[in-house]
1. How many of the residues in the stretch 259-285 are over 58 Å from the mean Cα position of the chain (by Cα) and either in a helix (DSSP H, G or I) or surrounded by 15 or more Cβ atoms within 10 Å (Cβ to Cβ) (or both)?
2. Against the definition (modelled with pLDDT of 95 or more and buried (at least 19 other Cβ atoms within 10 Å of the Cβ)), how does residue 186 come out, yes or no?
3. With at pLDDT below 95, closer than 24 Å to residue 192 by Cα and touching a helix residue (DSSP H, G or I) at 6+ places or on another chain (Cβ under 7 Å) as the only criterion, which of 94, 85, 65, 126 stands out?
4. Does residue 18 meet the test of being out of contact with any helix residue (DSSP H, G or I) (no Cβ under 7 Å at 6 or more places or on another chain), modelled with pLDDT of 85 or more and either exposed (fewer than 12 other Cβ atoms within 10 Å of the Cβ) or assigned by TED's automatic domain parsing to the domain that holds residue 200 (or both)?
5. Within the stretch 293-313, can you find the residues that are in contact with a strand residue (DSSP E or B) (Cβ under 8 Å, 6 or more places away or on another chain) and loosely packed, with under 15 Cβ neighbours inside 10 Å?
6. Scanning for something modelled with pLDDT of 95 or more, under 13 Å from residue 242 (Cα atoms), part of a helix (DSSP H, G or I) and in contact with a strand residue (DSSP E or B) (Cβ under 9 Å, 6 or more places away or on another chain), does the stretch 320-329 turn up at least one residue?
7. Determine which member of the set 226, 235 is surrounded by 14 or more Cβ atoms within 10 Å (Cβ to Cβ), in the same structural domain as residue 338 (by TED's automatic domain parsing) and either modelled with pLDDT under 95 or under 25 Å from residue 153 (Cα atoms) (or both).
8. Sort out which residues of the stretch 173-191 are over 19 Å from residue 145 (Cα atoms), in a helix (DSSP H, G or I) and in contact with a helix residue (DSSP H, G or I) (Cβ under 7 Å, 6 or more places away or on another chain), and write them in order of number.
């Protein structure tokens, strides 16, 4: 082989080898560093070692990632700290993945990129993790604090006043599952807006004021000291009646009752007590002159009730065996107005 040909052959062999060596050298020079153009959560880490990248990313994300999530609802404010939510940033793995992304390809492609100032356009997510159970507990805490049970309207009986309390609507946290997702989403994105607004939903009461009046349009009260019975319709006084109540030995029982029975010309089952004398234990039919239960009976506590009496002189006193005596005209009037179930209050 002639000398020129030998030289040409050597050139042909040595030039590629030299080029490969150059590319390999350039690759080794960048071996410990992340490729230019690579980012982690938007933070440029190109040209940095993994330790340097960790420091930069942490410094850039620390303030935003550690912000608490704040929830405003119903005029109240609540906050969940990332630490409480069990947040882990996972930056070490993200930086390693970013480094590996830049080491993709082979020596030739990496070396050429190094020599020519090429870049790898890649943004690595940190893959933040949180404990969803803790987020769920936080939302449950919010729910428990903003929720209010509805209050049903209730009938209030006093001897001189009958009223119904106003019903009050309740509230609950609306869309609890969606709020959990929103809180979790804000924690998983270091740069997300972490001030959230939630809303409440109204819970209607089961019993309104009108419901109570419709169920209890009438009410009767008795005052033992005042010897007076009163009839109310939807809270308005309709009639007052002068009555006799039980003797001190046999007092008309105090408390709240309802009308249990109604009878015309009631039978008298005579109580077995000294008060009944020789009639004790007997049953006297209605209309019998010996029967003190005249005209009508409105029972509200077993053997205790309203009834008419011939002893109108006893009205305004404590004279009965526990029942409420009324004039015949008054008991007939009351009988025609009330129904079984009508509330009755006996007060002192």
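1. Of the stretch 259-285, the ones over 58 Å from the mean Cα position of the chain (by Cα) are 274-285.
Okay, now just the ones that are also either in a helix (DSSP H, G or I) or surrounded by 15 or more Cβ atoms within 10 Å (Cβ to Cβ) (or both), so 274-279, 284.
The qualifying residues number 7.
2. On the way: modelled with pLDDT of 95 or more: yes; buried (at least 19 other Cβ atoms within 10 Å of the Cβ): yes.
Criteria met by residue 186.
3. Numbers: 94 fails: touching a helix residue (DSSP H, G or I) at 6+ places or on another chain (Cβ under 7 Å); 85 fails: at pLDDT below 95; 65 fails: touching a helix residue (DSSP H, G or I) at 6+ places or on another chain (Cβ under 7 Å).
So the residue among 94, 85, 65, 126 that is at pLDDT below 95, closer than 24 Å to residue 192 by Cα and touching a helix residue (DSSP H, G or I) at 6+ places or on another chain (Cβ under 7 Å) is 126.
4. no
5. Within the stretch 293-313, 303, 310, 311 qualify.
6. yes
7. Values: 226 fails: either modelled with pLDDT under 95 or under 25 Å from residue 153 (Cα atoms) (or both).
Answer to the check: 235.
8. The one that is over 19 Å from residue 145 (Cα atoms), in a helix (DSSP H, G or I) and in contact with a helix residue (DSSP H, G or I) (Cβ under 7 Å, 6 or more places away or on another chain): 184.
The values are calculated or read from the model by the stated rules, or taken from the named source; none is laboratory data. Quick caveat: nothing in here was measured; it's all calculated off a predicted structure. No Cβ is skipped: glycine too gets one built from the backbone with ideal geometry, and neighbour counts run over all protein chains shown.
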